[in-house]
Amino acid sequence: MDKQAETTTFQALSVGILPQISVIIVNYNGWADLKRCLPSVLESLPENSEVIVVDNCSTDGSAELIEHEFPAVHLISNHDNKGFGSGNNIGVSYSTGEYLIFLNPDTIVAPGWVEAMLHELEADSANGLVTAKILMLDEPQKVNTCGNKIHLTGITLCRGVGQTSNDFVQTEEVGAVSGAAFAMRRRVFEEIQGFDDMLFMYMDDTDLSWRARLAGYRCLFAPASVVYHDYRLHFGPLKTFYQERNRYVMLLKSLHWRTLFLLLPALLLAEMITWGFVLVRQKHNRSNKLRAYWWIVEHWKEIMTGRQSTQASRRLRDRELLASCQYELEFEQTGSSLITRLAHFVFDPFFYLYQRLLLFIIRW
């Protein structure tokens, strides 16, 4: 990536000492969040750590305020909004830590959050990514996510949303980490070539997790690492476009062609379900689904380049990846009603049986 395009301000945390841990926060107009996030981070970090904020051309004065209020933070100011994944890649390119921690600006961290994640990374070299127990900031006993669940069709949902914190007390392997707060080794990040710049926002964490798992690493949930997230479920004008487009990109990069062919009936049913959601809940944004299809056609060459890179580093079979997926779609995360209960009754049996069929057929 071109560092000349960035205007960089560095204030060293400790002169002459390379930090072991690099915390990277991507910001876009988030000063209201950062002014409560950064104090909690700076107070909680062990020695030999650095905090890097990548500002994606904010218009709320974030960059100037960070520089003035938090001189211990390394600030990188981009000339335009490069998105979440690319912003994190830029942050890593300026970092020096052996361990990389990615954090959303709308979070507040609890003491010991870093050490708990690093403990899990150090427990086994196959542990590639570790995510925190992410709780609701305004209801701190309720879960936002404890890692993410991945459906057979690539649809990704928060794990444990709305449940109580005490429901998740064991270290567990998860389908994907949450981009709100997770850690990984630098060497693993470099091995899988970091975030995919194409994705811009949404599904970046799932895509990174899948590529790490394909390369032979595990994704873990660390219950002792607690982060509070100011989370609100909302659907902006382009959220459906990014989520659906990026899901297609991830599937096209990750799975063998014969697997995608066999998965086609389930993928078509998922399209019916997502179209139904859009037409019922997001009529004003229905063109986003069509835009997602067209984007894939227009950027086919770039996707195939990403596919070549992903396939070249894979050590995990498709069968093992699909076996770790869930067959249930948690319709309740979009609202509880008679329709959601009916959707479970109609769709869960099909996805369950089809996953069993795929696992019977697929040996690669």
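Build a GNM of the chain with springs between Cα atoms under 10 Å apart, and of ILE155, ILE24, ILE339 the one that fluctuates most is ILE339. Rounding to the nearest 10 and keeping the result within 0 to 90°, find how far the Cα-based axis of helix 300-312 lies from the longest principal axis of the chain. Long axis of 300-312 versus the principal axis of the chain: about 80 degrees. Alpha-carbon geometry of segment 43-122: the Rg and the Dmax are 13.4, 40 Å, given in that order. Listed by Cβ neighbour count within 10 Å, with the fewest neighbours leading, PHE195, PHE182 appear as PHE195, PHE182.
Please work out the FRET efficiency for the pair GLN282 and ASP124, using the Cβ-Cβ distance as r and a Förster radius of 35 Å; give the result to the nearest 0.05. The calculated FRET efficiency here is 0.25.
The per residue volume of the convex hull around the alpha-carbon atoms of segment 209-364 is 147 Å³. Farthest towards the positive end of the charge dipole of segment 257-364, among the residues PRO349, LEU316, PRO265, is the Cα of LEU316, using unit charges on the Cβ of Lys, Arg, Asp and Glu. This model, with +1 at the C-beta of Lys and Arg and -1 at the C-beta of Asp and Glu, gives the chain a dipole about its Cα centre of some 1720 debye. Note on THR171 and ALA312: the model spin-label points, each 7 Å out from Cα along the C-beta direction, lie 3.3 nm apart. Give the calculated FRET efficiency between GLU139 and LYS301 to the nearest 0.05, with a Förster radius of 51 Å applied to their Cβ-Cβ distance. Efficiency, from the Cβ-Cβ distance: 0.65.
Each peptide among 26-33, 285-292, 126-133 gets the average number of other Cβ atoms lying within 10 Å of its residues, and from highest to lowest they stand as 126-133, 26-33, 285-292. Quick note on the chain: its Rg to Rh ratio, both from C-alpha atoms and Rh being the Kirkwood radius, is 0.95. Between the Cα long axis of helix 113-123 and the first principal axis of the chain there is an angle of about 60°, rounded to the nearest 10.
Placing unit charges on each Cβ (+1 for Lys and Arg, -1 for Asp and Glu) gives segment 65-126 a dipole about its Cα centre, and among ASN78, TYR99, HIS68 the Cα reaching farthest toward its positive end belongs to ASN78.
A short reminder: the numbers here are calculations on the coordinates, not readings from a lab. Everything numeric here is computed off the predicted structure, so don't read it as measured data. Here Cβ is always computed from backbone atoms with ideal geometry, including for glycine, and neighbour counts include all displayed protein chains.
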